Every structure is written in C-alpha cells, then in structure tokens.
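Working notes, structure below.
The values are calculated or read from the model by the stated rules, or taken from the named source; none is laboratory data. From a predicted model like this one, the values you see are computed outputs, not experimental measurements. Methodologically, a virtual Cβ is constructed for each residue, glycine included, from the backbone with ideal geometry; neighbour enumeration extends over all protein chains shown.
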Amino acid sequence: MKIRAILVSCVSLVAAPAFGQSNPADVVRAFFQAESDGRWLDAARMLDLTQFEAFRQNTVKGLRNRPARRRLTADDYMKLQPDMPRAVAEYQLKQWDESARRFDELSREFAHVTAVDSLAALPVAEAAARWLEAQGPEWKTELANRESHTQSVVDCPQLSDSAKKLLVAKTVSQMKPIVLAATTESDSLRYVVVGQDFGSRHSMRDNSASYHPSILPDVITLRNVGGNWRIEPALDLERASGMGGMTTFSISCARGSG
C-alpha cells in the first residue's frame, strides 16, 4: 500500500520533537489511556472535532431523511412461501418485530443516545465522547445483552452486574495497544503506527517469553489543529480495547457439578 511505502522512508522509532503543545505519539498514548479509564470526554477532545462534526451532521441528516420502514405482514411471508401455514408466518413476524424492537441503530453508534434530535443537540465534544464509548467493549456488551433473548454475553448467573462489568474490563485489559513508530517529516500531518500487545508469547527456539504485537500494525492519522496534534476520527480508528471490528465477545463461568 502507498501509505506503508511512505512509512518506510520517514518513520522514526524515537519520539519526534514536539510541535506546538503535544507530540503525536504521546497524544495517541494519552488517547488510549483515556479510553481504558472510561474518560470518554477526555478522549474525544484529542480528536479532530471539526472532522467529527461533519460526520455527526451527515449522520443526523441521513437518519432524518431515511424513509420509514414498511411493516411486514403475515401475507408478505406467505407470498414468498405459499406453503407456509399462517400460524407459522405470524410467529415469524412476531419474532422479527421483537428483534427489530431490540435493535437500536442509533445507540449502537452513539452510546446513551436514542433520538436523532438528542444527537443533533449535543455539544460536539460530548457527541464524540458518545461515539467513542459506543465502540467500547462495555457498551457493546451491554447492547448485546439487551438485544439477546437467549444467552447473556457474560454467562455467570452467580455474579452481580458490577462484578460482570469488572470481568469484562479484566478480559479487555489483556489487549493493550502499543505505539511502534511515528513519522516526523511534516509539521501538519503525522502518522503513528500502533499494534496490539496480547501479552507474552513463548518462544520454542530459546525457551523464553517475549512481548510483541500479535497482529499486523495499524496507522492512526493526526493533523495539526491550531498548534495541537489531533487524531483523525476514522471509522476504522484503532481503539484501546483492540477489538477492532469485533461486535462483542462472550464469557462463560465454570459451574460446579454438585
């Protein structure tokens, strides 16, 4: 890829001199730490909020202009499958409506936001904080539990809700982002290379443990905004949890036989 070729020529493993009030690699580290601490507003203020505002406005416009979903009927099901008994069609329709009721598209993108007007009224930094939180493992897990009518994501009936949250946090904390390198040549645009460290990996060759990224590195883009380095709020932005595109995960607790 072109961006990888650029990185080969201008990456530095040593922290670059600070430009303005912050160093790009340090901004990325502080961003990950704020996310890990659940300080979503602090993390949001490290984003390029001008770019984020354009994204927020497009989201609001798209949701407001979206045509209303046509409600299916049992006859619709039976037209597709003429041999289907009406009772079966009505049951499937009920299941579909229940799933649609549980699925909240807006809350999946902006935590704790359930109405388009509410999203439009939020200060830009607060809206960005809700966006970041929505991608975090705790909120994804909470939504998965709301929408699931079969099995809890954290299948540990003996634990309290607070204990389950701690278990999720402990599981996610095993995935730690690390800054590998940063470009230094431009005073307006920088790239920071990050990877996810999943802990020690045993080497069979020398019978020792070493720490290194377990997956391919990713790149975070930063732009200089008024003398401060700000992170570009890309949809595939690397996150502190290391979950990437993963929607959620499941945890099961051992049960005694007696």
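Candidates Arg29, Arg56: the one that is over 24 Å from Ser118 (Cβ atoms) and part of a helix (DSSP H, G or I) is Arg29. Of all residues in the stretch 120-135, those that are in contact with a helix residue (DSSP H, G or I) (Cβ under 7 Å, 6 or more places away or on another chain) and surrounded by 20 or more Cβ atoms within 10 Å (Cβ to Cβ) total 6. Please list, ordered by first then second residue, the pairs with beta carbon atoms under 8 Å, 6 or more apart or interchain, first in the stretch 41-62 and within 18 Å of Asp236 (Cβ to Cβ), second surrounded by 12 or more Cβ atoms within 10 Å (Cβ to Cβ) and acidic (Asp, Glu). Final answer for the pair search is Ala43/Glu35; Ala44/Glu126; Leu47/Glu232; Asp48/Glu232; Gln51/Glu232; Thr59/Glu109.
For first residues located in the stretch 184-206 and farther than 27 Å from Arg230 by Cα and part of a strand (DSSP E or B), partners that are of a type in the set (Phe, Trp, Tyr) and at pLDDT below 90 and lie 6+ apart or on another chain with Cβ distances below 9 Å form the pairs Ser200/Tyr211; Arg201/Tyr211.
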